[in-house]
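Undergrad: Take this structure, written in structure tokens, and hold onto it; I'll ask about it next.
Laboratory data are not the source of any read-out in this text; all were calculated from the coordinates shown. In this text the structure is predicted, and so the values were computed from the model without any measurement. Methodologically, a virtual Cβ is constructed for each residue, glycine included, from the backbone with ideal geometry; neighbour enumeration extends over all protein chains shown.
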Amino acid sequence: MANVFDTDAAVNWPDWQAFALPTADGFAFTAPVGQFAPNAFGLHDMHGNVWEWTADWHGATYYAHSPQDDPQGPDAGRVKVRRGGSWHTWPLYARCAYRNWNTPVTRYTLVGIRLVMEAD
């Protein structure tokens, strides 16, 4: 269903092998686009592969008091929200409801963007 931390990725991190999902998705790192089944909206690759940067600022208590529909995050902050997990993420984090964060200048192989191509 998604490219997450499994036995394919664990071979590169022997100390973490006990935490790997006991299955193999065929990819030790990022996977090419469209390798997994689409979600209910027909979108591919929305979980796993790379953490997705969002436009939202992170607020530790914001979501406890935010609107239920489409919360945008605080107006300002120090760190941006990322969602969806990565190839080096346990399935618990590979979901859109889980919000992690990094500073906007963070650059590493687990964080990226997801592009959408609309058919005519």
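Undergrad: What are the chymotrypsin sites (Phe, Trp or Tyr not before Pro) within segment 1-75 that DSSP puts in a loop, where the Cβ has at most 11 other Cβ atoms within 10 Å?
TA: Details: sites: PHE5, TRP16, PHE19, PHE27, PHE29, PHE36, PHE41, TRP51, TRP53, TRP57, TYR62, TYR63; in loops: PHE5, PHE27, PHE29, PHE36, PHE41.
Passing sites in segment 1-75 are PHE41.
Undergrad: Just rank MET46, MET117, fewest to most, by other beta-carbon atoms within 10 angstrom. Please report the intermediate quantities before stating the final value.
TA: Details: MET46 19, MET117 5.
Exposure proxy ranking, most exposed first: MET117, MET46.
Undergrad: Oh, and also: Do you know the relative contact order of the chain, to the nearest whole percent, from alpha carbon pairs under 8 angstrom that are 6+ apart?
TA: Working: 216 pairs, mean separation 32.5, N = 120.
Over the chain, the number comes to 27 percent.
Undergrad: Continuing with the same structure: Pick the calculated Cα extents along the principal axes in Å for this structure from (1) 52, 38, 35; (2) 54, 37, 23; (3) 43, 41, 25?
TA: Of the listed options (1) 52, 38, 35; (2) 54, 37, 23; (3) 43, 41, 25, (3) comes from this structure.
Undergrad: Can you compute the modelled spin-label distance between THR7 and VAL79, with each label point 7 Å from Cα toward Cβ, in nm?
TA: Computed distance between label sites THR7 and VAL79 equals 3.4 nm.
Undergrad: Let me ask something else. Long-range amide H contacts for TRP101: which residues qualify at under 5 Å (H placed 1.01 Å from N, peptide plane, sequence gap of 5 or more or a different chain)?
TA: Sorted by chain and number, the residues that satisfy this are ARG82.
Undergrad: Compute the length gained on full extension between GLU118 and GLN72: take 0.36 nm times their separation in residues and subtract their Cα-Cα distance, giving the result in nm to one decimal. Before the final figure, lay out each step's value.
TA: Details: separation 46, 0.36 × 46 = 16.56 nm, distance 2.38 nm.
Roughly 14.2 nm would be gained on extension.
Undergrad: Might you report the magnitude of the Cβ-based charge dipole of the chain about its Cα centre, with Lys and Arg at +1 and Asp and Glu at -1, to the nearest 20 debye? Kindly include the intermediate steps, with their values, before the conclusion.
TA: Values: 8 positive and 12 negative charges, 83 e Å.
With Lys and Arg at +1 and Asp and Glu at -1, about 400 debye.
Undergrad: Quick one: which residues, 5 or more positions from VAL79 or on another chain, have an amide H under 5 Å from its amide H? H modelled 1.01 Å from N in the peptide plane, none for Pro or chain starts.
TA: Sorted by chain and number, the residues that satisfy this are HIS58.
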